[in-house]
1. Within the P(r) computed for the chain, what percentage of the Cα pairs occupies the region above 28 Å?
2. Tell me the label-point distance for the pair residue 18, residue 114, using the 7 Å Cα-to-Cβ offset, in nm and rounded to one decimal.
3. Multiply the residue separation of residue 123 and residue 38 by 0.36 nm, subtract the distance between their alpha-carbon atoms, and state the gained length in nm to one decimal.
4. Give me 21, 120 ranked fewest to most by other Cβ atoms within 10 Å of their Cβ, as a rough exposure proxy.
5. Please determine, in degrees from 0 to 90 and to the nearest 10, the orientation of helix 26-35 with respect to the longest principal axis defined by the Cα atoms of the chain, where the helix direction is its Cα long axis.
6. What ranking do 116, 17, 98 get, fewest neighbouring Cβ atoms within 10 angstrom at the top?
7. About the Cα centre of the chain, what is the dipole size in debye to 20, counting +1 per Lys and Arg Cβ and -1 per Asp and Glu Cβ, all else neutral?
8. Given points 7 Å out from each Cα along the Cα-Cβ axis, report the residue 71 to residue 93 separation in nanometres with one decimal.
Amino acid sequence: MAPYQTEQRKALLDYMHRHADEAFTAGEVAKGMLLDQEVGVKPATSTIYRLLTQLTHEGRIRRLVREEGRQYLYQALACGKGDGHLHLKCAGCGRFIHMGEAQSSKIISEISRKLHFLVDEEQTVLMGRCGGCAHGI
């Protein structure tokens, strides 16, 4: 059975997809939606927490643990679930980058072949620095 599409749910998904290269805490999502002129329906913070949990279980939102390990970050899966590619996260600016399917496949295959290890691409995020942040080092 498909989930009921409330206006709050649609607004949250739209907001998250417009910012698919970023990851936010639930509080940051609530604040961002409140300040965003494009968001017509402003869900309550408790509704945002509930919807993020639902959308995570449905595979439409990715939940990550912040480096400090005390908060969850949420990111839209604009790329779709289980489509066989990896994600990169810049430690400088926090931007998420979707690695190409061919590149990801090569890396995943090499790891599997040489190390006998199966990578869960849905849960794997490679940390580093994007080109813009790397030049600032």
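1. Tail of P(r) above 28 Å: 24 percent of Cα pairs.
2. Label-label distance for residue 18 and residue 114, simple model: 4.3 nm.
3. Working: separation 85, 0.36 × 85 = 30.60 nm, distance 3.06 nm.
Gain on stretching residue 123 to residue 38: 27.5 nm.
4. Details: 21 17, 120 8.
Final ranking by Cβ density, sparse to dense: 120, 21.
5. 60 degrees
6. 116, 17, 98
7. For the chain, the charge dipole is close to 180 debye.
8. 2.0 nm
Read-outs throughout are calculated quantities, based only on the coordinates presented, and are distinct from any laboratory measurement. Keep in mind it's a predicted model, so treat the numbers as computed, not measured. Virtual Cβ from ideal backbone geometry, glycine too; neighbours counted across all protein chains shown.
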